[in-house]
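One structure below.
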Amino acid sequence: MAKLQLITTNFTAGEQSPRLRGRVDIDKYNASAKELRNVVVFKQGGATIRPPTKFIGEVKDSSETARIIPFVFSRSQAYLLELGNQYMRVWKDGAIVESAPSVPYEVATPYTDAQLVDIDYSQGADTMLAAHPNNPVQAIRRFGDARWTVSNAPFAPPPVAETGDRGTMTMTIDNVAVGAGRTLTAGAAFFLAADVGRRMSWAGGSAVITAVGGATTATATVDSAFGSLSANGTAGPAPIWLLEGSPQATCTPSAASPLGAACTLTLGVAGWRTDVVGGVIDINGGLVRITGFTSDTIISGVIVKVLTGVTAAPANAWVQRKVAFNTVDGYPQTVTFFQQRTWLANTVRYPQTKWGSKSGLFFDFTPGIDDDAAVYKTVDSDEVNSIEYLHSGRNLISMTLGGEFETRGGIEKPVTQTNANITLQTRWGCDRVRPEQVGDDLLFAQRGGQTIRAIRADDLQGFVALDVSVFSEHLIRLGIKSMAFEQTPESVLWCATNDGKLLAVTYNREQNQVSFCSGDVGGEVEWVATVPEGGSDTTYLLVKRTIDGNVVRYIEKLDWGSWTTTQEVRNAHDCRKEASGAASDTWAGFDHLEGETVSVLADDIYVGDQVVTGGQVVLPRTATSVSVGLPYVARIRQEPPEIALRTGTSQGQAISVHRVQVRFYQTVGAKVNGTDLQFRQFDTPDTLDQPVEAFTGIKELPNFGWENGEAELVLEQDQPYPWTVLAIIRDMTVNEG
């Protein structure tokens with residue numbers, strides 16, 4: 001028999017996947033655990049109880065979904081935005097901003113509760129741009145704590161494209177088969193003379209117009225048969241059908257220069273429609289932004305790029321570019337700021353296209369080839385890869401459904417229209433979870449949401465995307481919904497999973513550390529968001545709970561408490577609320593936990609569990625302060641020990657653990673395999689009336705007995721006290737052979 005002493009010095013490998021239980025050969029095995037529940041692993045290796053959540057307030061309407069988004073202007077001016085069904089409320093420093101006493105400040109938004117999940121955002125100074133595929137990009141502006149505006153971003157001009165023309169009427173064709181002499185009929189006036197030569201398409205079919213008979217009829221040649229969109233297969237309802245291209249007529253500008261000069265554009269035959277206003281005409285090497293509609297042959301605008309002359313441009317020598325974003329073609333799904341430009345990407349019609357504003361002019365998307373002109377680029381690949389997110393880092397990264405693309409300019413030069421180089425870096429694909437920057441790494445959920453990868457710069461390959469969740473894949477098997485990185489007091493990526501759990505991932509690239517820990521706050525965590533407050537970061541949660549039989553949605557914050565000074569996570573119960581005052585055994589103000597069994601600290605002493613009745617808790621004795629919240633258990637369940645024996649492995653062998661020693665740090669209370677460890681010192685008569693002093697050092701338990709192969713060791717904290725485990729020492733005997 002082999003007698004030996006084993007020490008577990010750290011838990012930096014995190015909670016290990018059950019698929020790795022047999023991999024005792026990997027280095028991370030002895031630094032992992034079978035279960036790390038409701039704990040956070042330090043960068044130094046130890047594990048502490050997860051910070052509890054503190055109740056902040058209820059959302060406007062708990063029956064509807066909501067979302068929280070950080071808005072950070074500075075460390076002293078950081079806000080949490082609560083978005084709900086067509087409203088926005090503002091929270092600051094753990095309290096809701098009010099427009100009047102007891103009246104929460106509120107601003108209207110265009111977003112329904114069903115749309116909240118798909119909002120992307122990016123912030124610059126006091127303005128945040130929010131993107132959603134079904135709504136115009138919104139500018140959220142802050143002018144004061146209780147003075148905000150939410151309105152359409154003032155793009156002037158917005159991105160433009162040769163979108164063609166659509167109407168609000170139904171379009172029919174008398175014969176859907178390939179051939180000449182087909183008749184197109186509009187349900188209302190639509191056709192113009194300059195439509196001759198343009199292509200009409202819908203339902204996979206297309207026809208070139210050969211003659212216009214009037215405002216409602218045209219003759220066309222079908223070169224691709226039309227599919228069925230109606231009972232008779234001949235109708236294209238609005239807005240399905242599309243008249244492609246630009247008007248087929250000569251276009252004559254009235255002026256060529258200077259910049260900002262008025263210019264009239266005249267067609268040789270009728271061809272202008274009213275929705276050309278807001279777009280640009282690309283003619284004679286210049287650009288005219290359209291500001292007015294006079295008639296179907298005359299429009300007016302402003303020169304935004306000087307023309308080479310006022311010569312009449314024939315059909316197909318000039319281009320009509322209308323606003324690229326609309327209710328039919330869609331609106332951008334993602335937004336970011338990069339190299340002094342606003343970048344937008346991914347509409348229904350242009351899923352692989354991204355648009356960058358003019359340099360230094362964040363709302364001006366005037367196209368061109370000058371270095372400061374707007375940038376219009378499409379990600380080319382061998383399949384349709386919609387751009388899920390744009391990320392601003394060393395270079396502009398396009399996170400698409402099928403891969404990760406990098407956009408960079410020339411050597412030591414910013415991106416421009418003429419030098420933009422877009423290259424595919426990796427082929428993993430991005431899920432609809434907003435990525436998080438952690439130091440130099442970009443963490444994102446791989447397509448499917450069951451893997452977290454880290455994009456890391458590589459001198460030879462541009463960048464690589466490493467799987468950082470492979471050792472703990474079981475924790476995200478149902479997918480990730482939301483992520484937020486908390487840089488201080490500990491380097492933790494908080495993740496809300498699709499089943500409502502809260503994961504704590506300690507991420508430290510310098511130490512090659514990725515420590516996944518599982519967690520449960522007693523409700524469904526729907527969103528996480530981190531903002532700086534004071535000298536550290538604060539992570540807020542949007543939690544869906546069932547309280548007294550009713551569904552509620554609470555905003556709560558992970559509260560490290562006095563961690564920076566005492567290194568203790570105290571008052572460790574969730575959805576916590578505190579009160580103080582004159583000595584009493586009855587305390588009110590806990591309506592948010594009505595009917596729930598809560599743990600209670602009275603004058604910092606745990607006095608057991610109580611049921612909240614009428615918003616009150618009744619204590620077994622009087623106290624001048626109370627802390628009330630939902631209890632949770634922190635747990636470390638160790639892996640079976642692996643010992644190299646003369647006869648081979650210790651796996652499956654009979655093991656006797658003679659003694660267990662646990663090195664604690666600033667700890668009050670603990671259990672080892674269900675046995676309570678003694679922490680209170682009975683050295684004075686009034687000891688029981690005083691809080692237990694935090695302990696740092698080694699606690700010992702003897703005689704665990706024999707087990708076959710497992711020798712399971714479970715450490716727990718089931719009371720709302722601080723608890724930190726630095727090392728575990730086991731004296732054991734292994735039966736060889």
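If the condition is being over 21 Å from the mean Cα position of the chain (by Cα) and either at pLDDT below 95 or part of a loop (DSSP other than H, G, I, E, B) (or both), then region 53-71 contributes Lys60, Asp61, Ser62, Ser63. Mind checking whether some residue in region 289-301 is open to solvent by less than 50 Å² (accessible area, probe 1.4 Å), in contact (Cβ under 8 Å) with a residue 40 or more places away in the chain and in a strand (DSSP E or B)? Looking through region 289-301, none of the residues is open to solvent by less than 50 Å² (accessible area, probe 1.4 Å), in contact (Cβ under 8 Å) with a residue 40 or more places away in the chain and in a strand (DSSP E or B). Figure legend. Inter-residue proximity from region 657-679: first residues closer than 13 Å to Val714 by Cβ, second residues basic (Lys, Arg) and modelled with pLDDT under 90, beta-carbon distance below 6 Å, spacing 6+ or different chains. Indicated pairs: Val657/Arg730; Val660/Arg730. Considering Gly144, Gly124, the condition of being at pLDDT below 95, of a type outside the set (Phe, Trp, Tyr) and under 22 Å from Gly360 (Cα atoms) is satisfied by Gly124 alone.
Of the residues making up region 158-178, those that are part of a strand (DSSP E or B) and under 34 Å from the mean Cα position of the chain (by Cα) are Val160, Ala161. In region 572-589 there is at least one residue that is under 24 Å from Val528 (Cβ atoms), modelled with pLDDT under 95 and outside any strand (DSSP E or B). Taking (1) outside any strand (DSSP E or B); (2) open to solvent by less than 60 Å² (accessible area, probe 1.4 Å); (3) of a type in the set (Gly, Ala, Ser) in turn, Ser257 satisfies each apart from (2). Among the residues of region 23-48, the ones that are in contact (Cβ under 8 Å) with a residue 40 or more places away in the chain, outside any helix (DSSP H, G or I), more than 16 Å from Leu493 (Cβ to Cβ) and open to solvent by 10 Å² or more (accessible area, probe 1.4 Å) come to 4 in all. Checking Asp591, Asp609 one by one, the residue that is out of contact with any His (no Cβ under 7 Å at 6 or more places or on another chain), free of Cβ contacts under 8 Å to residues at least 40 places away in the same chain and closer than 16 Å to Gln717 by Cβ is Asp609 and no other. The residue that is modelled with the lowest pLDDT, among those in region 227-238 that are within 30 Å of Val280 (Cβ to Cβ) and in a loop (DSSP other than H, G, I, E, B), is Ala238.
So in region 98-144, with the set limited to residues that are polar (S, T, N, Q) and open to solvent by 20 Å² or more (accessible area, probe 1.4 Å), which one is farthest from the chain's Cα centre (by Cα)? Explain how you work it out, then say what you get.
Within region 98-144, the first condition is being polar (S, T, N, Q), and the residues that meet it are 99, 102, 109, 112, 115, 122-123, 127, 134-135, 138.
Restricting the remaining residues to those that are open to solvent by 20 Å² or more (accessible area, probe 1.4 Å) gives 99, 102, 112, 115, 123, 127, 134.
Numbers: Ser99: 29, Ser102: 31, Thr112: 18, Gln115: 14, Gln123: 14, Thr127: 18, Asn134: 18 Å.
Only one residue fits best here, namely Ser102.
One residue stands out in region 528-547 among those that are open to solvent by 20 Å² or more (accessible area, probe 1.4 Å) and at pLDDT 95 or above: the one that is farthest from the chain's Cα centre (by Cα), namely Thr546. In the set (1) open to solvent by less than 40 Å² (accessible area, probe 1.4 Å); (2) without any contact (Cβ under 8 Å) to a residue 24 or more places away in the chain, Leu81 fails one condition alone, (2).
Residue-by-condition table, conditions (1) part of a strand (DSSP E or B); (2) open to solvent by 50 Å² or more (accessible area, probe 1.4 Å):
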position: Ala194; (1), (2): no, no
position: Ser206; (1), (2): yes, no
position: Ile240; (1), (2): no, yes
position: Gly245; (1), (2): no, no
position: Ala249; (1), (2): no, no
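Of the strands (runs of 3 or more DSSP E) lying entirely inside region 613-683, those containing at least 2 residues that are at pLDDT below 80, under 24 Å from Asn10 (Cα atoms) and open to solvent by less than 70 Å² (accessible area, probe 1.4 Å) span 654-667. Regarding region 508-515, can at least one residue be identified that is in contact with a Ser or Thr (Cβ under 8 Å, 6 or more places away or on another chain), closer than 15 Å to Pro51 by Cα and open to solvent by less than 50 Å² (accessible area, probe 1.4 Å)? The answer is no; no qualifying residue exists. Here Ala582 meets the list (1) more than 30 Å from Leu36 (Cα to Cα); (2) open to solvent by less than 60 Å² (accessible area, probe 1.4 Å) almost entirely, failing just condition (2).
The values are calculated or read from the model by the stated rules, or taken from the named source; none is laboratory data. Predicted model only: the values in this text are computed from it and were never measured. Glycine also receives a Cβ, built like all others from the backbone with ideal geometry; neighbour counts cover every protein chain displayed. What goes into the accessible areas is simple: the full protein's heavy atoms, side chains included, and nothing from ligands, DNA or RNA. Shrake-Rupley method; radii C 1.70, N 1.55, O 1.52, S 1.80 Å.
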